[in-house]
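J.: What follows is a structure written as structure tokens; I'll ask about it next.
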Amino acid sequence: MAGNWKMYKTAQETSAFFEKFRPLVAEAAGRDIVICPTFPNLPAAVAATAGTRIGIGGQNLFWKNEGAFTGEVSGPMLAAVGATWVIIGHSERRQYFGETDETVLKKTVAALEAGLNPIVCVGERLEERESGNTEAVLAKQFGDGIAKLTPEQFAKIVIAYEPVWAIGTGKTATPEIASEAHRFIRVQALAAFGPAAAASLRILYGGSVKPDNARSLMAKEDIDGALVGGASLTPDSFAGIVNF
């Protein structure tokens, strides 16, 4: 159960969030909890979750360890401040900042080399779904951005399916629509890496997940968790999803 805070909260607000959130999920079992704040808030988040089961991640990284890349942050830098996870290829990164399947692959490899757990995002836009191209888009994103990993690398990643048309819009894919997409992604994993890898792959659903729809989504066999946006910004709301 991962929370993507996008461009929200100050360091003080981050600390205040965890003061309320920690006791709400203290008894949560059988699930990993991850929150990805902005880069400046990573130290505050790491400090506020010390000694807990809550993991902290970055929202992006660059594929070089260092260099003349103004404004970028590397995997080793994330690891050095205590982050253990990182989101890669989020639809907003693809839409606004030119992320491609090629850069997603490079960033995934860089994250793994830095010892981070990558959450690699795939998903179609509204026009692609309406034109019947959902599976073609997912197949290309998987083939160009994930399938080129080694089996050992693939075993360490998590995939997040986020239908772009359901992010921040209030629209949510029905559990059946989401499950169909997750099943298709798992078939891609089966073809590329074999049955054991496909069976152990965790695929998260991201797209207007809220406490009141989390249970019905998680009931589907191929949905293994959630990548939550706006609903992860409030302690009670995100705890309701974690404890669905």
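The values are calculated or read from the model by the stated rules, or taken from the named source; none is laboratory data. Here the structure is a predicted model, which means the values were calculated and not measured. When we count neighbours, we look across all protein chains shown, and the Cβ atoms used for this are built from the backbone with ideal geometry, even at glycine.
J.: Checking Asn41 against (1) out of contact with any helix residue (DSSP H, G or I) (no Cβ under 7 Å at 6 or more places or on another chain); (2) on the phi < 0 side of the Ramachandran plot, which single condition isn't satisfied?
T.: In the conditions (1) out of contact with any helix residue (DSSP H, G or I) (no Cβ under 7 Å at 6 or more places or on another chain); (2) on the phi < 0 side of the Ramachandran plot, Asn41 misses (1) alone.
J.: In the stretch 122-132, what count of residues is obtained for those that are surrounded by 15 or more Cβ atoms within 10 Å (Cβ to Cβ) and either of a type outside the set (Asp, Glu) or over 15 Å from His90 (Cβ atoms) (or both)? First the steps, then the outcome.
T.: Filtering the stretch 122-132 for residues surrounded by 15 or more Cβ atoms within 10 Å (Cβ to Cβ) gives 122-125, 128-129.
Narrowing further to those that are either of a type outside the set (Asp, Glu) or over 15 Å from His90 (Cβ atoms) (or both): 122-123, 125, 128-129.
Looking only at that region, the number is 5.
J.: Before we move on, is Val46 within 26 Å of Gly207 (Cβ to Cβ) and within 20 Å of the chain's Cα centre (by Cα)?
T.: no
J.: Name the single residue that is nearest to the chain's Cα centre (by Cα) among those in the stretch 216-236 being hydroxyl-bearing (Ser, Thr, Tyr) and surrounded by fewer than 18 Cβ atoms within 10 Å (Cβ to Cβ). Break it down stepwise before answering.
T.: Within the stretch 216-236, the subset hydroxyl-bearing (Ser, Thr, Tyr) is 216, 232, 234.
Now narrow it down to the ones that are surrounded by fewer than 18 Cβ atoms within 10 Å (Cβ to Cβ): 216, 234.
Numbers: Ser216: 20, Thr234: 18 Å.
My answer is Thr234.
J.: Return the residues of the stretch 170-216 that are outside any loop (DSSP other than H, G, I, E, B), closer than 22 Å to Gly143 by Cβ and among the small types (Gly, Ala, Ser); say none if nothing qualifies.
T.: Passing the criteria: Ala178, Ser179, Ala181, Ala189, Ala191, Ala192, Ala196, Ala197, Ala198, Ala199, Ser200.
J.: So the check is Cβ under 9 Å with 6+ separation or different chains; which pairs have a first residue in the stretch 1-14 that's farther than 19 Å from Ala28 by Cα and part of a helix (DSSP H, G or I) and a second one that's among the polar types (S, T, N, Q) and at pLDDT 95 or above?
T.: Ala11/Asn41; Glu13/Asn41; Thr14/Thr38; Thr14/Asn41
J.: For the stretch 163-181, enumerate the residues that are of a type in the set (S, T, N, Q) and out of contact with any helix residue (DSSP H, G or I) (no Cβ under 7 Å at 6 or more places or on another chain).
T.: Answer for the stretch 163-181, where residues must be of a type in the set (S, T, N, Q) and out of contact with any helix residue (DSSP H, G or I) (no Cβ under 7 Å at 6 or more places or on another chain): Thr169, Thr174, Ser179.
For every residue, the table says whether it meets (1) surrounded by fewer than 17 Cβ atoms within 10 Å (Cβ to Cβ); (2) under 23 Å from Gly3 (Cβ atoms); (3) among the hydroxyl-bearing types (Ser, Thr, Tyr).
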position: Lys107; (1), (2), (3): no, yes, no
position: Leu112; (1), (2), (3): no, yes, no
position: Leu116; (1), (2), (3): no, yes, no
position: Val120; (1), (2), (3): no, yes, no
position: Ala136; (1), (2), (3): yes, no, no
position: Asp144; (1), (2), (3): yes, no, no
position: Val158; (1), (2), (3): no, yes, no
position: Tyr161; (1), (2), (3): no, yes, yes
position: Thr169; (1), (2), (3): yes, yes, yes
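J.: Looking only at the stretch 76-114, count every residue that is in a strand (DSSP E or B) and of a type in the set (Gly, Ala, Ser) and tell me the total.
T.: 0
J.: Would it be correct to say that Gly115 is at positive phi and at pLDDT 95 or above?
T.: Judged against the criteria, Gly115 is a match.
J.: Under 7 Å between Cβ atoms, at least 6 apart or on separate chains: pull out the pairs that start in the stretch 178-193 with a residue that is modelled with pLDDT under 95 and end on any residue that is assigned to a helix (DSSP H, G or I).
T.: Ala178/Leu217
J.: Something else: Which one is surrounded by the most Cβ atoms within 10 Å (Cβ to Cβ) among residues in the stretch 198-215 that are under 13 Å from the mean Cα position of the chain (by Cα) and not hydrophobic (A, V, I, L, M, F, W, C)?
T.: It comes out as Tyr205.
J.: Which members of the stretch 120-147 meet the condition of being touching a residue at least 24 places away in the same chain (Cβ under 8 Å) and part of a loop (DSSP other than H, G, I, E, B)?
T.: Gly123, Glu124, Arg125, Ile146, Ala147
J.: Something else about it: For the stretch 32-55, state whether one or more residues are without any contact (Cβ under 8 Å) to a residue 60 or more places away in the chain, β-branched (Val, Ile, Thr), over 19 Å from Pro118 (Cα atoms) and assigned to a helix (DSSP H, G or I).
T.: No, the stretch 32-55 contains no residue that is without any contact (Cβ under 8 Å) to a residue 60 or more places away in the chain, β-branched (Val, Ile, Thr), over 19 Å from Pro118 (Cα atoms) and assigned to a helix (DSSP H, G or I).
J.: Which one of these is acidic (Asp, Glu) and closer than 25 Å to Leu112 by Cβ: Glu13, Glu66?
T.: Glu66
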